[in-house]
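Asks: Before I ask anything, let me first share the structure, which is written out below as structure tokens.
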Amino acid sequence: MFFDHTTIEVKSGDGGNGCVSFRREKYIPNGGPDGGNGGRGGDVIIRADRSLNTLQDYRFKRHFFAENGENGKGKKMAGAGGADLVLKVPPGTLVLLAESRELIADLTADGDEVIVAKGGAGGRGNMNFANAVRQAPQFATAGKRGTACLIDLELRLLADAALVGFPNAGKSTLLSVMSAAKPKIASYPFTTLQPVLGVVDVSGARFVLADVPGLIEGASEGAGMGHDFLRHVERARLLLHVLDASSFDGTDPMERFTALNRELENYKNLLGSRPQWVVLNKIDLVPRESVDELRRRIEALGYRVFAVSGATTEGVSDFKKALATEVLTLPVPDLNEIEQLKVYRLEKKFDFTISEQKGIVAVDGPFIHELMQSTNFSDTESFLHFQKRIIDSGIQDALLDAGVEEGDEVLLDGASFEFSL
């Protein structure tokens, strides 16, 4: 089964919490704090692997989570870092943020990889907070949460040339006689339901040829499987427009030629951004005069034209040689439809939100969660540190702006507190 698009949810690992511990050994009555740091959470990495050719592994499993970091321990022992999670995809996969469609990475070569979710940093143990004034800190900091996001994976086939055309133009037959590929071949339209790749070898020159399933009018607007098929044409260096020279359905071949080019033009200007050759197929079914006339009409429009028969292989050898000479000299096209400019983001130093829950003002978010987890409310020094962070982060001012007054109840990460200045 060829599967070329999916959306997955990924989450990196949470950082481990720092440890509150004190050295307790015989003959060392005042050993001091020795709580170690928490380990970092694992990253989520997407890596291109040439042994894959489909996104089938992500068809049914859509949720992926990296390992959390371990908590710190006494004796200044740091917690182990969480293992990274590596998700393998075929080369040619685009990695995008699902909501904004922002391009994260274009993994074109085997081994290309990108970190899509960075693991949370580990919390600091109480050994880090000891100083000349605070010699026995009773608190540590919590590890930071991992990052969760929705990721779109889209596979664009890495073919050097692509066979395009309307159904029953003979693309699959042509691919089968030019390469070792064995696509399904039948006399009815829409025999090919998924793209097929074949490797063409001409005197040692090798290139990849793609057979894209038959398109219909309106494909550029999504009719039929238009967008699903057309996306696999985007990386091709050369478009090979396979045109049935016979009039099997009673229509003029030139009308079909013009109609398909209109779809290619409408879909991200493929016609204007890619060179195109025209392959007149099934010439064994029509008089030579008709083939020559059709060829002259298309060449007059500026296209290079070849006349072949996939069934009898007439003209296929010369076509293969010309293709091998030309295709590998052409540059790989850029994917222009996706904005690839660098995006600058202002990182929130104190990430929190103010809302109202059942008439009570609540503060939520990663910052307040980590602060609550890091505070020992039974220890005076830890509580004073908590109050200072509430003021420095702007939470106190935000609560005042929200209309909270002295003595009102507020919720901090779900815990109830009485507001005081």
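Asks: Quick check: the angle from helix 380-392's long axis to the longest principal axis of the chain, C-alpha only, nearest 10 degrees?
Replies: 50
Asks: Okay, moving on. Which of the listed residues, GLY69, VAL202, VAL95, is farthest toward the dipole's positive end in the chain, when Lys, Arg count +1 and Asp, Glu count -1 at the beta-carbon?
Replies: Farthest towards the positive end: VAL202.
Asks: As a test, work out the antiparallel percent of DSSP beta bridges whose residues both lie in the stretch 353-418, rounded to the nearest 5.
Replies: Of the beta bridges lying entirely in the stretch 353-418, close to 75 percent run antiparallel.
Asks: Under 1.5 on a/c is rounded, so check that first for the stretch 1-100, then, if it is not, pick prolate when a/b is larger than b/c and oblate when it is not; a ≥ b ≥ c are the square roots of the alpha carbon gyration tensor eigenvalues.
Replies: Because a/c hits 1.5 or more and a/b exceeds b/c, the stretch 1-100 counts as prolate.
Asks: For the stretch 123-177 and the stretch 302-320, what is the separation of their C-alpha centers, rounded to whole Å?
Replies: So the two Cα centres are separated by 44 Å.
Asks: Moving on to the next point. Provide the packing ranking of 313-326, 353-366, 31-44, i.e. peptides ordered by the mean count of other C-beta atoms within 10 Å per residue, highest first.
Replies: Result, highest mean Cβ count within 10 Å first: 31-44, 313-326, 353-366.
Asks: Count neighbours as other Cβ atoms within 10 Å of each site's Cβ, and list the GluC sites (Glu not before Pro) in the stretch 69-106 that are DSSP loop with at most 16 such neighbours.
Replies: GLU99, GLU102
Asks: Among the listed pairs LYS61/LYS320; LYS88/LYS321; LYS26/LYS388; LYS61/LYS358; LYS118/LYS358; LYS73/LYS388, which are separated by more than 32 Å between their Cα atoms?
Replies: LYS61/LYS320; LYS88/LYS321; LYS26/LYS388; LYS61/LYS358; LYS118/LYS358
Asks: Rank-order 253-263, 14-24 by packing density, defined as the average count of other C-beta atoms within 10 Å over each peptide's residues, highest first.
Replies: Ranking, from highest mean packing down: 14-24, 253-263.
Asks: DSSP beta bridges in the chain, what fraction antiparallel, as a percent rounded to 5?
Replies: 60
Asks: Can you tell me what the convex hull of the Cα atoms of the chain projects to on average, as an area in nm²?
Replies: 29.4
Asks: May I ask you to evaluate 6.51 cos²θ - 1.76 cosθ + 1.60, the Karplus curve with θ = phi - 60°, for each residue of the stretch 88-98 and list the ³J(HN,Hα) values in order in whole Hz, giving x for glycine and proline?
Replies: Listing the rounded values in order: 9, 9, x, x, x, 8, 8, 10, 10, 6, 5 Hz.
Asks: Taking loop as defined by DSSP and a crowding limit of 13 other beta carbons within 10 Å, which chymotrypsin sites (Phe, Trp or Tyr not before Pro) in the stretch 57-88 fit?
Replies: The qualifying sites are PHE60.
Asks: Still on this model: Ranked from highest to lowest mean number of other Cβ atoms within 10 Å per residue, what is the order of the peptides 109-122, 289-302, 367-380, 161-174?
Replies: 161-174, 109-122, 367-380, 289-302
Coordinate-derived values only; no laboratory data. Bear in mind that the values here come from a model prediction, so they are computed numbers and not experimental data. No Cβ is skipped: glycine too gets one built from the backbone with ideal geometry, and neighbour counts run over all protein chains shown.
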